[in-house]
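Student: Sharing a structure, written as structure tokens. Questions coming.
The values are calculated or read from the model by the stated rules, or taken from the named source; none is laboratory data. Since the structure is predicted, the reported quantities are computational estimates derived from the model, not experimental observations. Every residue, glycine among them, receives a Cβ derived from its backbone with ideal geometry; neighbour counts consider all protein chains shown. The accessibility values were calculated without ligands, DNA or RNA, using every heavy atom of the protein model including side chains. Shrake-Rupley method; radii C 1.70, N 1.55, O 1.52, S 1.80 Å.
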Amino acid sequence: LRDYDGPDIRLMEVCGTHTGAIARNGIPSMLSPRIHLISGPGCPVCVTVTAVIDRLVELSMRADTVVLTFGDLIRVNGTTMSLADAKASGGHVEMVYSPMDTVRMAQQDPSKEYIFAAIGFETTTPVYAMVLQEAIEKGIHNLKLLTSLKTMPEVIRWVCENSGNVDGFIAPGHVSVITGSRIYEALSEKFQIPFVVAGFEGPQLLATIYALTKMRGHAGVKNLY
């Protein structure tokens with residue numbers, strides 16, 4: 001990969017965890033200057049629209065309502081403020097570490113309505129379904145989910161249709177565990193772009209980048225995770 005001297009190739013990782021792993025392992029320093037890595041829209045928090053934050057802020061200001069969220073969303077700005085700003089202004093915002101914490105909190109305090117910010121891609125959707133199932137089985141009626149869930153193929157399709165300069169995708173590992181790797185086949189064929197599902201260790205990422213350089217200009221989906 002360091003000695004690669006073919007045409008310039010632009011590879012996009014669409015998983016935020018891959019972005020972190022690429023930086024942590026110093027992957028760019030190991031590659032030829034002709035191999036360009038691009039960070040794509042794979043972080044669900046980063047692609048959450050302002051209107052969702054605004055709605056959560058609005059709900060948090062109700063006297064009998066508590067908004068529950070993960071820590072990565074709490075500082076994302078809406079039109080005028082973030083959930084952290086809302087809490088500082090008297091809003092009811094609590095951070096949770098597990099989606100199942102929301103069930104326990106709602107059960108312990110039936111006098112308040114709990115709104116969970118259920119945001120993510122395919123990876124987290126099954127967990128949110130488990131939250132709903134648990135709440136229904138326990139007869140908890142004061143827990144609701146405000147959902148902003150995306151599916152990865154539609155996000156990648158938008159990139160392909162509006163960019164036109166991506167030569168291959170480092171496909172997300174966590175999403176692919178839930179969906180399987182075949183969800184990328186139609187996109188690969190339509191745009192004649194290869195997809196390789198990657199793990200999160202340095203050698204796995206290098207193997208994925210190597211595979212994509214070999215597949216450049218051809219459709220195909222491989223799973224190296």
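Student: Show me the helices (runs of 4 or more DSSP H) found entirely inside the range 165-225 where at least 2 residues are closer than 16 Å to CYS15 by Cβ, in contact (Cβ under 8 Å) with a residue 40 or more places away in the chain and touching a strand residue (DSSP E or B) at 6+ places or on another chain (Cβ under 7 Å).
Tutor: It comes to 173-179, 202-215.
Student: Exactly one condition in (1) polar (S, T, N, Q); (2) open to solvent by 20 Å² or more (accessible area, probe 1.4 Å); (3) not in a loop (DSSP other than H, G, I, E, B) is not met by THR102; state its number.
Tutor: (2) is the only condition that THR102 fails.
Student: Next question. Can you tell me which residues in the range 134-164 are surrounded by fewer than 17 Cβ atoms within 10 Å (Cβ to Cβ), in contact (Cβ under 8 Å) with a residue 12 or more places away in the chain and among the hydroxyl-bearing types (Ser, Thr, Tyr)?
Tutor: Listed by number, the residues that qualify are THR147, THR151.
Student: Something else now. Scan the range 32-82 for residues that are among the small types (Gly, Ala, Ser), closer than 22 Å to TYR97 by Cα and exposed (fewer than 14 other Cβ atoms within 10 Å of the Cβ) and report the count.
Tutor: Qualifying residue count, the range 32-82: 1.
Student: Now for a different question. Take VAL57 and decide whether it is of a type in the set (A, V, I, L, M, F, W, C), more than 19 Å from the chain's Cα centre (by Cα) and not in a strand (DSSP E or B). Outline the logic, then answer.
Tutor: Working: of a type in the set (A, V, I, L, M, F, W, C): yes; more than 19 Å from the chain's Cα centre (by Cα): yes; not in a strand (DSSP E or B): yes.
In short, yes.
Student: Looking at the range 8-16, is at least one residue open to solvent by 60 Å² or more (accessible area, probe 1.4 Å), touching an Asp or Glu at 6+ places or on another chain (Cβ under 8 Å) and not small (Gly, Ala, Ser)?
Tutor: Looking only at the range 8-16, we keep the residues that are open to solvent by 60 Å² or more (accessible area, probe 1.4 Å), and these are 8, 10.
Now narrow it down to the ones that are touching an Asp or Glu at 6+ places or on another chain (Cβ under 8 Å): 10.
Restricting the remaining residues to those that are not small (Gly, Ala, Ser) gives 10.
Checked the range 8-16: at least one residue is open to solvent by 60 Å² or more (accessible area, probe 1.4 Å), touching an Asp or Glu at 6+ places or on another chain (Cβ under 8 Å) and not small (Gly, Ala, Ser).
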